[in-house]
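Have a look at the structure below before the remarks.
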Amino acid sequence: MKERIIELEKILEAVCGTYENNCSKCPRKAECEEYCKLSQIEEIVNL
């Protein structure tokens, strides 16, 4: 799971600055949602 989070971070870093004011137009919205879910799961597991 950690590897996927790192992979998603690299993908999202390239586009987030462009679309941060309107995420609905971002072509990587699905990856962003996956990243958020995985990050939350990792946070819960590491408590």
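The values are calculated or read from the model by the stated rules, or taken from the named source; none is laboratory data. Everything numeric in this text was worked out from a predicted model, so none of it was measured. As a convention, Cβ positions derive from the backbone with ideal geometry for all residues, glycine included, and neighbour counts pool all protein chains shown. The protein model used for the area step is the full one, side chains on, heavy atoms only, and it has no ligands, DNA or RNA in it. Shrake-Rupley method; radii C 1.70, N 1.55, O 1.52, S 1.80 Å.
What the table shows:
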quantity	calculated
Selection from the stretch 15-28 of residues that are part of a helix (DSSP H, G or I), open to solvent by less than 90 Å² (accessible area, probe 1.4 Å) and not hydroxyl-bearing (Ser, Thr, Tyr)	CYS16, GLY17, CYS23
The listed residue being touching a residue at least 12 places away in the same chain (Cβ under 8 Å) and surrounded by fewer than 10 Cβ atoms within 10 Å (Cβ to Cβ), out of LYS2, LYS10	LYS2
